[in-house]
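Chemist: Structure in structure tokens, see below.
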Amino acid sequence: MPFNLEDLQKAMAPLSQFRALAVSPHHERFSFPFFSGTYFTYRKIDVMRVVAIAQSVSRDPSYLDVGCGYGDFLKRVREFLPKATGLEKDASIYYGLGIEKPDYISISDAHWIDKRYDVIFVGWMEPGQDFRDSVARNTDVIITTLDQGISLAAEFDGHSFERIAWWRTPSWEDVNIEIMNKYYSSIPAKQREALSKMRGAHNFWYVYCRPEKSGQVRKAIESLQEKDEQYDFESVLDELGFARMQKLENPAAPEPLWQIQFDQQDLKRLQTGL
Ligand SMILES: C[S@@+](CC[C@H](N)C(=O)[O-])C[C@H]1O[C@@H](n2cnc3c(N)ncnc32)[C@H](O)[C@@H]1O
């Protein structure tokens, strides 16, 4: 990436073939994340966490999803934050493929954000893209997802922001591999089990705030009362061993999936006022 139109057109053909043979209509969002889902795997609790964070800073929050692609996650957020908008640099993902662009997504480069938002969300950003200065200038609260070791430009510690909380979700690649191994290959079950022990589940969600906002945002996260509601497609995650609070066998990933972790540095500052 960045994409060129020819590549995008070429990628549509395997998606059509996949649709014709798919075992479940929910598989394509993990196997073709750009067209049908997101590069970060999410559940409804992620949407509700993001919404609660936004509502902790304003009753009617403004919210920008940077690099939103087709806006799969943004659409979910808009069910609760109707003013939420998206920014996408590449017009050809819409116009070049004859896909209608919703009015709430603007075509522009994130380096040129020119308005302040209560919350800016930066979903999975490809390596080489770094518009942290512009994002940091235009908000006090940033939520990012980053694929470990790939999209480091999503870290805002050096921009006068504190990371106050984070949680781990599966990488879409791990989910895709499980789907492919289980439903679209003839790998024996025993071998599949052995392979699945290697999963690293390395997608992180980070919540960054300016210090003056961290108390209220932390409180909102601490008082979340998470329900069991879920989107239809989450059945795929449950069935393939990516349940909520699931512990993975990989020692490099000790925290259960989706369990919120609070950063102590921010807590210490809040307690001591220093
Ligand atoms: C890896 S895709 C992720 C799309 C979506 N957030 C997701 O997770 O599925 C990155 C998206 O960011 C867009 N993008 C890259 N650089 C950008 C920039 N400087 N400003 C706005 N969008 C950008 C790309 O065109 C692409 O649609």
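Rule-based calculations on the coordinates, nothing more; no lab input. Note that the structure is predicted; figures quoted are calculated from it, not measured. Reconstructed Cβ throughout: ideal geometry from the backbone, glycine too, with neighbour counts over all protein chains shown.
Chemist: So how do HIS111, HIS202, HIS27 line up by other beta-carbon neighbours within 10 Å, fewest first?
Modeler: HIS111, HIS202, HIS27
Chemist: Which entries of LYS75/LYS227; LYS10/LYS115; LYS10/LYS44; LYS44/LYS247; LYS75/LYS197 show an alpha-carbon separation above 27 angstrom in the structure shown?
Modeler: From the list (LYS75/LYS227; LYS10/LYS115; LYS10/LYS44; LYS44/LYS247; LYS75/LYS197), the Cα-Cα distance tops 27 Å for LYS10/LYS115; LYS10/LYS44; LYS75/LYS197.
Chemist: Return the distance in nm (one decimal) between the two label points of a simple spin-label model at ALA194 and SER134, each offset 7 Å from Cα along Cα→Cβ.
Modeler: Inter-label distance under the simple model: 4.9 nm.
Chemist: Can you classify the chain as rounded, prolate or oblate using the Cα gyration tensor, where a ≥ b ≥ c are the square roots of its eigenvalues, rounded means a/c under 1.5, and otherwise it's prolate if a/b beats b/c and oblate if not?
Modeler: Oblate shape, in that a/c is at least 1.5 and b/c is the bigger or equal ratio.
Chemist: Among DSSP bridges having both ends in the chain, what percentage is antiparallel? Round to the nearest 5.
Modeler: For the chain, the DSSP antiparallel bridge percentage is about 55.
Chemist: Taking 7 Å along the Cα-to-C-beta vector as the label spot, tell me the SER106-LYS44 distance in nanometres, rounded to one decimal.
Modeler: Between SER106 and LYS44, the simple spin-label model gives 3.2 nm.
Chemist: Please give the calculated 222 nm ellipticity per residue for the chain, where each DSSP H segment of at least 4 residues contributes -39500 (n - 2.57) and the sum is spread over every residue; nearest 500 deg cm²/dmol?
Modeler: Theoretical 222 nm ellipticity from helices: -10000 deg cm²/dmol.
Chemist: List the aspartates and glutamates whose Cα sits under 17 Å from the Cα of LYS190, skipping any in the same chain fewer than 8 residues away.
Modeler: Cross-link targets: GLU178, GLU239, GLU249.
Chemist: Based on other C-beta atoms within 10 Å, arrange VAL141, VAL51 from fewest to most.
Modeler: VAL51, VAL141
Chemist: For LYS101, go through the aspartates and glutamates and keep the ones whose alpha-carbon is under 18 Å away, minus same-chain ones fewer than eight residues off.
Modeler: Reachable aspartates and glutamates: ASP65, ASP72, GLU79, GLU88, ASP90, ASP109.
Chemist: Name the trypsin sites (Lys or Arg not before Pro) in region 50-131 that are in a loop by DSSP and that have at most 13 other C-beta atoms within 10 Å, would you?
Modeler: ARG59, LYS115, ARG116
Chemist: Loop only by DSSP, 11 or fewer other Cβ within 10 Å of the Cβ. Give me the GluC sites (Glu not before Pro) in region 179-230 that pass, ordered by residue number.
Modeler: For GluC sites (Glu not before Pro) across region 179-230 that sit outside H, G, I, E and B with at most 11 neighbouring Cβ atoms in 10 Å, the list reads GLU229.
Chemist: Just flag the chymotrypsin sites (Phe, Trp or Tyr not before Pro) in region 200-250 sitting in loop per DSSP whose Cβ has no more than 12 other Cβ atoms within 10 Å.
Modeler: Loop-located and lightly packed - none at all.
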